[in-house]
């Protein structure tokens, strides 16, 4: 006999998976026709803070394996959206930044993505949701086996 939904325990993993897939679909729809993939969008969004990020940090944030990220970064550089510079604090590291063209493109894409989310009910809860998800990420990282730390959501 099935347990009524009100009495079932919350299946957090299923809810997170469904939310991720639906949000990915919405993001793809917002980027449709722009020539920008969701992976490229995530890289541009990270770099839009202007701080410069190393490849390891970018890979951790956008959840791409290093070879895939390298190909994507090479394409973004070829397209004139990203440039690389030597880290002034550690000359062995290379940091990635958006070019002015990349920043302009990111701004236009950011508006499209924001508009696609604006019509959702409960949109005023975005900051609360981000805080709760960041707290969950931190808890999962603290209890995770050695090997990786995620970058907080923005």
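The values are calculated or read from the model by the stated rules, or taken from the named source; none is laboratory data. If you're wondering where the values come from, they're calculated on a predicted model, not measured in any experiment. Please note: Cβ atoms are built from the backbone with ideal geometry, for glycine as well, and neighbour counts cover all protein chains shown.
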Hey, any hits in the stretch 68-91 for a residue that's closer than 26 Å to residue 126 by Cβ, in contact with a helix residue (DSSP H, G or I) (Cβ under 9 Å, 6 or more places away or on another chain) and part of a loop (DSSP other than H, G, I, E, B)? no
Residues 138, 60, 150: which one is modelled with pLDDT under 95, under 15 Å from the mean Cα position of the chain (by Cα) and in a helix (DSSP H, G or I)? 60
Going through the stretch 51-69 one residue at a time, which ones are touching a strand residue (DSSP E or B) at 6+ places or on another chain (Cβ under 8 Å) and either touching a residue at least 40 places away in the same chain (Cβ under 8 Å) or at positive phi (or both)? 52, 53, 54, 55, 61
Run down 95, 105, 72 and say which single residue is under 17 Å from the mean Cα position of the chain (by Cα), surrounded by 12 or more Cβ atoms within 10 Å (Cβ to Cβ), more than 30 Å from residue 12 (Cβ to Cβ) and touching a residue at least 40 places away in the same chain (Cβ under 8 Å). 105
Among residues of the stretch 18-36, those that are touching a helix residue (DSSP H, G or I) at 6+ places or on another chain (Cβ under 7 Å) and either exposed (fewer than 13 other Cβ atoms within 10 Å of the Cβ) or without any contact (Cβ under 8 Å) to a residue 60 or more places away in the chain (or both), counted: 3
